[in-house]
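Written out below as structure tokens is the structure these notes cover.
The values are calculated or read from the model by the stated rules, or taken from the named source; none is laboratory data. All figures in this text were calculated on a predicted structure; none of them were measured in a lab. Every residue, glycine among them, receives a Cβ derived from its backbone with ideal geometry; neighbour counts consider all protein chains shown.
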Amino acid sequence: APSSPPMQRLALLVAATIASAAAFAPTPALTGLRQQAPLCSGNRLSAACRAPRAAKPAMTMSLAETTNQAMLLAEGGMNVSVAAYLAVLLGTFIPVVFLLTLYIQSESRKAAETGSEGDKF
């Protein structure tokens with residue numbers, strides 16, 4: 001397979017970096033949910049959805065408000081339920097115990113077939 005020129009590799013690297021960073025950027029759909037915006041869909045739209053929306057200035061919040069909202073989002077995003085902990089722990093330990101049991105059983109069967117019991121003393 002022919003290797004691609006260095007500029008194409010660099011362009012691919014830049015595109016991949018931008019795409020991976022875009023995965024963590026907030027989307028407009030989620031921003032509307034955070035601001036408690038009314039749901040505007042379906043045949044019958046509420047008066048709030050039919051009204052034209054005024055464009056917001058780019059920076060209307062103070063630094064304290066921005067920090068407060070960021071802390072609230074981080075606090076809500078960091079909550080982990082007990083069920084999630086159990087799923088991780090059980091999903092890890094049950095297969096490990098199964099594989100250890102299988103390994104011990106196969107080693108004992110192999111030792112029994114060869115007739116050696118190993119050096120006990």
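Look at region 1-28: where a residue is modelled with pLDDT of 75 or more and a partner is surrounded by 10 or more Cβ atoms within 10 Å (Cβ to Cβ), sitting 6+ places away or on another chain with Cβ atoms under 8 Å, you get Leu12/Ser4.
Considering only region 46-121, give the helices (runs of 4 or more DSSP H) lying wholly within it that have at least 1 residues that are surrounded by 10 or more Cβ atoms within 10 Å (Cβ to Cβ) and at pLDDT 70 or above. Don't jump to the end; show me each part of the working.
Numbers: elements: 47-50, 63-77, 82-114.
Answer list for region 46-121: 63-77, 82-114.
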